[in-house]
Amino acid sequence: MTAQEKLYQLIQTLPEKEVSEILNFAESLWPKVSSPKIPAGTLTGLRGIAKPTGPVPSDAELQRQYTDYLKEKYL
């Protein structure tokens, strides 16, 4: 018998008050298990904020812009 099956059988025998407490406890664990927190100040936390106005440039256009940027910066 799996842990889930054992827990389900146990919950079936408990009064509603205890089941509610178990549910509250399980829900309090969910954020800790479901997704890691992103530390404040990381660039990952800023993803999606800067969006271009207008059409999205093609890969070729992005490559040209980046090449121009590098030439300007280092030459």
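Annotations
- Taking 0.36 nm per residue of sequence separation and removing the Cα-Cα distance, the Trp30/Gln65 pair yields an extension gain of 8.2 nm.
- The stretch between Glu16 and Glu72, if pulled fully straight at 0.36 nm per residue, gains 13.2 nm over its current Cα-Cα span.
All of the numbers you see were taken from the coordinates with simple rules; none came from a lab. This structure is a prediction, so every number in the text was calculated from the model and none was measured.
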